[in-house]
1. Is at least one residue of region 232-242 surrounded by 21 or more Cβ atoms within 10 Å (Cβ to Cβ), part of a loop (DSSP other than H, G, I, E, B) and either assigned by TED's automatic domain parsing to the domain that holds residue 509 or at pLDDT 90 or above (or both)?
2. Here's a check for you: in region 72-86, which residue that is modelled with pLDDT of 95 or more and assigned to a loop (DSSP other than H, G, I, E, B) is surrounded by the fewest Cβ atoms within 10 Å (Cβ to Cβ)?
3. Go through (1) closer than 30 Å to residue 184 by Cα; (2) surrounded by fewer than 19 Cβ atoms within 10 Å (Cβ to Cβ) one by one and return the number of the condition residue 610 breaks.
4. Any idea which of 474, 522 is under 18 Å from residue 380 (Cβ atoms) and either in contact (Cβ under 8 Å) with a residue 24 or more places away in the chain or buried (at least 22 other Cβ atoms within 10 Å of the Cβ) (or both)?
5. Residues being farther than 19 Å from residue 608 by Cβ and without any contact (Cβ under 8 Å) to a residue 24 or more places away in the chain: count how many of those fall in region 422-440.
6. Given the options 89, 69, 109, name the one that is more than 23 Å from residue 503 (Cα to Cα) and either in the same structural domain as residue 166 (by TED's automatic domain parsing) or part of a helix (DSSP H, G or I) (or both).
7. Just to be sure before I move on: is residue 336 over 26 Å from the mean Cα position of the chain (by Cα), in a helix (DSSP H, G or I) and in contact (Cβ under 8 Å) with a residue 40 or more places away in the chain in the structure I sent?
8. Would you confirm, using the coordinates I've provided, whether residue 517 is under 18 Å from the mean Cα position of the chain (by Cα) and crowded, with 19+ Cβ neighbours inside 10 Å?
């Protein structure tokens, strides 16, 4: 786990001396253990190449320094992430005559590129973002893992290309300014995050997950090498006699692979099904797993008692942490800066606080992230299976009678309100955006003066799913290609790396994902039960009440805080004279939403949190021109 940065520049047009050091200083938290740089002035009309690296040593802490070079072959590499199958790849490459001098996934990646070229990505099982300079081919290869667990941003200035693990490093390059992209602001207000490849900064882009980009002769050419298989209809496949057993074996293999580490490691444990299953499988391989849990002083929102039950059951060395509204807000402006974007979910801040506590004992943790998006764990996944049947009802009945009745229901019926309102949206692309609390088109038109329209065209992720696929597969594909990489995984990376700790996600092992996608929908959602196959697999691993208790999620009590201790803070940012974003909105509509929330007539916590964070981002970067 590390941070990378660099550029390719036409000779004589690159940034001034000291720029790469400034870029690396900006991401020092990603790699406090070591730093390295590589400069290549190639001549002959080829661009100057600069690579920089900050290292958090997990595998081979003493060796494996970066940038890693093979001067004879003319190849240089900077790499962020972990290749979990590096030892198997090393054995394969040794069979092809390659020799290795260290036990390092970085060296394996370097040799694997020399052997397979850009096709190396098809052989990697892990999370990664890397840049490889190849002087013989006259190219630089940028690559990002299949789900986008590891970040990579880039900016083009004429024939020059700059890249880095985080935007803040790019902002250290003279001439790259933090000006706002108003189209991206519109999409943020529609999604509550910014879909790739855009960012809130004009001219700065994310490399898409599952994508390689080759820079040659001043041009960057993108190629998507992997896509989540749920985007296509289910294909008949040969399966074992017991899918639950096969699923369990594949998940355990992913956990075992991701426990490879030369430094102390542990796990984040919420007490929910996902992280509890990961911890139970870890405990099969290591009797001294360290677990870390965070809860809230408001007891109704805390899952600490459930986490403690799992910790005792699995025999872990358990650590607990309590946070309050003051802890959250004290950290929020700093973490907006660490993410270079609004903090989309209140739980992000609690995760960072937990990561900071865990970093006192370990340098790497496994988490249960990705299970819901792979296995259908949200209520929307259950409801979405009824979409086609519901929309077969007469339109007059749905829109003329049911819709007004649903809107009139009080807040305590919020799940019913959300489900029926979303099922009434005929456009499945718009419906997918709406499920996580985004504004619909009418609400956006009423509130937002920017008049944004989120991307819902065919042909680009996450809206390139096959319409012939089941409703469940289509919405899971959206989750896996948008909500997950652009929100949850971005959160996981920034909040943990801000504390100089690595997080790993076994549920997103692509071999496991590809297997699950061969299963009929009933193995994921059965009746009103989501994640059916995981619940079946966990019966032999966890206490019964952990399997049967309702899904809570890692919920921060922002709803109550905005009506209580954080009301003044919210009003100052959204109504105060210093607000930089109020001009984006219709003031009467915004004030009405806030007053409805304060009075308890409706819960607008997700929208108000999104608006608050957008304001903090603007104040942080003064990005108003």
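1. no
2. The qualifying residue surrounded by the fewest Cβ atoms within 10 Å (Cβ to Cβ) is 85.
3. Answer for residue 610: the failing condition is (2).
4. 474
5. 1
6. Going through 89, 69, 109 in turn, the sole match is 69.
7. no
8. no
The values are calculated or read from the model by the stated rules, or taken from the named source; none is laboratory data. Source: prediction; values computed, not measured. Neighbour counts run over all protein chains shown; Cβ positions are idealised from the backbone, glycine included.
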